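The values are calculated or read from the model by the stated rules, or taken from the named source; none is laboratory data. Note that the structure is a prediction, hence the values are computed from the model and not measured. FYI the Cβ positions are ideal-geometry reconstructions off the backbone, even for glycines, and counts take in every protein chain you see. Please note that ligands, DNA and RNA were not included when accessible areas were found on the heavy atoms of the full protein model with its side chains. Shrake-Rupley method; radii C 1.70, N 1.55, O 1.52, S 1.80 Å.
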Amino acid sequence: MSGRDDAGLRELYAASYRRLVGQIAAMTGDVSEAEDLVQEAFARAAAQWRRLERYDNPEAWLRTVAMNLARSRWRRGKRATAVMLRLRASHIEAPGPSPDHVALVTALRELPAAQREALVLFHIVDLQVDEIARDLGVPAGTVKARLSRGRAALAERLRDVPDLGADAGSPPADRTGQRENSLGEVRP
Amino acid sequence: MTGYSGPDPVRRALQRYGEDLVEQVQLPPFEEVERRRRRRRNARGGQLVLALAAVAAVATALPLALVSGASNERPAAPPVPPVTVTVTQPATAGPITLSDVSFADPTHGVAIGRRCDRGNSGCPLVAVRSADGGRSFDAPSTVARGDAPGASKVAAYGDDIVYAYDPGLYVSTDGGVAWQPVTVGPSPDSAWSVRDVAVRDGTVTVLATAGERAHLLTGVAGAPADSLTDAGEVPGTTGDARMQRPGGDVNAVVVPSTPPQVELGAAGGTWQRRSLPGACVAPSLSTPNADDWWLACSDRDGGQVYRSADGGKTWTMTSPATSAGDTRVVTAVSAKVAYLSGPESGLQTTVDGGLTWTTTLRPTAAIGEPHVLDGNAWVVSGDVVWRLVGSIGSGRWEAATVG
């Protein structure tokens, strides 16, 4: 690929690499792993950039590929042991020094992967419920249920953390103009 | 819980967590991406060398073991000679990397690919012909010089007509020996890029994109250059539109929108849009008959395969998620039988309507899309054309090396 041909990819790389790594790291719980996954996603994008550059949102394609790679690695179990040890380790490489932050990261890592994915895509990637449903290939109601249960589980785990426990389980508006109860049922 | 009642500290904390993670990340130089891409490409080549080494090791050790086993006395183990694998190539011509194969009938077919010659002559597009059903192939003929990117495809028709595209369009009227470029009329906004070619009933139909629009171009099969005419834009299409496979019926043009769409209609006629299941960036549709449709939807959770028994009105999922990052193409034979091919995952087969899939071919080089015709099947990988011997459910694949 010549420098002229990959100018768009280089631009996308500069603009979105760090953001993508942050998003994937929030799901995997490991920044180094996320960097590896996002690098791999960009390498695959480079191999077919002439096609991808026509897409409205190539960054979404990269995120999907990186997420799929993460799931695939978990399934294959290549790094399952290391990941599980990391997830269950008492010592955590917290992104910030705050004890609240450490508690949040720990609680997030203890959630089921599906709930963690939904929370990250909604609150960190800032996708709409419908967009998450499309990306994950599940009904919107399932996404809402995962969000609701994920938030409730987080609230339960963070109950004793001073700045995070209070009202932590109350679900915010989900950007589709609807609200949901704790079971994921939509209320007008 | 009745609803949102104030600031949500968990939400704020999650957002702050995401921001903190991004702040931790350093942007590596872009060359890291290029290096990784080259490693992936080289790894595939390395797998071939390792496979050759393994075959050579077995071929060396087996006779020794047989000699040893034939004697009643157990002799002292002879020293095992070192195995040296030397991959020799012609002095001037490099290996051919095939990308597609097409048979006009069970006997006559053409495979196409690129041969990167040593030196600075680029990687010309070359074709190899078979007149014995794919058991052997003639010496390659040059379709086009230059080093155009993109996967080349081929469509054979009748006794001697063959189209090749890469995304330029070339035609041969002598079975693939001599080739000439096919030029078409001016495009609406940018150069034509040929996506798919189908030849049926003496008419060639070309799906070509110009910018973000897809058009059908039609003409008499095998006619000389400047003979194709623009039959008009396929509505709702983008630059990623593809014809359904295997291309014999051109009435379905797939658009990888969200969700994927298929435009049903005819060149110059009216079109009807129908939504497809899934959320993928590379849908592959195959319609062996009017009712039985198959769809491979890649790049979402690794990919899924769907099947419809009512011409695409309702769909059922037929397989679990496949490996991520590998674009799959489905080539259906009937309601029960279909192939699923992916460059990295090989060739899978189902004979029970997608209930179970079996990996029937997994070569070391990237595999192409199978061509099926009257119970026969061929598929390319590296410099090999694989031919199905026997029935699809119980047959085996035999290799014919070209070049």
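Quick notes
- In segment A:14-57, the residues that are of a type in the set (Ser, Thr, Tyr), out of contact with any Asp or Glu (no Cβ under 7 Å at 6 or more places or on another chain) and more than 8 Å from chain B (Cβ to nearest Cβ): A:28, A:32
- Those helices (runs of 4 or more DSSP H) lying entirely in segment A:67-127 with at least 2 residues within 11 Å of another protein chain (Cβ to nearest Cβ), at pLDDT 55 or above and out of contact with any Cys (no Cβ under 7 Å at 6 or more places or on another chain): A:99-110, A:113-119
- Test result for residue A:134, in a helix (DSSP H, G or I) and either surrounded by 20 or more Cβ atoms within 10 Å (Cβ to Cβ) or touching a helix residue (DSSP H, G or I) at 6+ places or on another chain (Cβ under 8 Å) (or both): no
- Flag if residue A:155 is more than 7 Å from chain B (Cβ to nearest Cβ) and either open to solvent by 70 Å² or more (accessible area, probe 1.4 Å) or at pLDDT 70 or above (or both): no
- Considering segment B:337-371, the residues that are small (Gly, Ala, Ser) and at pLDDT 85 or above include one that is nearest to the chain's Cα centre (by Cα), namely B:368.
- For segment A:137-152, a residue qualifies if it is open to solvent by less than 20 Å² (accessible area, probe 1.4 Å) and either more than 12 Å from chain B (Cβ to nearest Cβ) or not hydroxyl-bearing (Ser, Thr, Tyr) (or both), and the qualifying residues are A:143, A:144, A:145, A:147, A:150, A:151.
- Among the residues listed as A:26, A:45, A:34, A:15, the single one being assigned to a helix (DSSP H, G or I) and either open to solvent by 10 Å² or more (accessible area, probe 1.4 Å) or at pLDDT 90 or above (or both): A:15
- Residue check, residue B:308 more than 22 Å from residue B:280 (Cβ to Cβ) and either crowded, with 22+ Cβ neighbours inside 10 Å or polar (S, T, N, Q) (or both): no
- Where strands (runs of 3 or more DSSP E) fall entirely within segment B:211-267, those with at least 3 residues that are modelled with pLDDT of 75 or more and open to solvent by less than 20 Å² (accessible area, probe 1.4 Å) are at B:213-220, B:252-255, B:261-265.
- Counted residues, segment B:344-368 - those being over 23 Å from residue B:316 (Cβ atoms), touching a strand residue (DSSP E or B) at 6+ places or on another chain (Cβ under 6 Å) and not in a strand (DSSP E or B): 4
Residue-wise test of (1) modelled with pLDDT of 85 or more; (2) in contact with a strand residue (DSSP E or B) (Cβ under 9 Å, 6 or more places away or on another chain); (3) open to solvent by 10 Å² or more (accessible area, probe 1.4 Å).
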residue	(1), (2), (3)
B:108	yes, yes, yes
B:153	yes, yes, yes
B:162	yes, yes, no
B:203	no, yes, yes
B:207	yes, yes, no
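- Among residues of segment B:152-179 that are touching a residue at least 60 places away in the same chain (Cβ under 8 Å), those with a Cβ under 7 angstrom from a residue that is of a type in the set (Ser, Thr, Tyr) and outside any strand (DSSP E or B), sequence gap 6+ or separate chain, pair up as B:160/B:173; B:161/B:173.
Each row is one residue, and each column tells you yes or no for (1) open to solvent by less than 10 Å² (accessible area, probe 1.4 Å); (2) free of Cβ contacts under 8 Å to residues at least 60 places away in the same chain.
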{"site": "B:344", "(1), (2)": "no, yes"}
{"site": "B:353", "(1), (2)": "yes, yes"}
{"site": "B:365", "(1), (2)": "no, no"}
{"site": "B:388", "(1), (2)": "no, yes"}
{"site": "B:400", "(1), (2)": "yes, no"}
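- Given (1) at pLDDT below 90; (2) over 14 Å from residue B:277 (Cβ atoms); (3) crowded, with 20+ Cβ neighbours inside 10 Å, index of the condition residue B:378 fails: (1)
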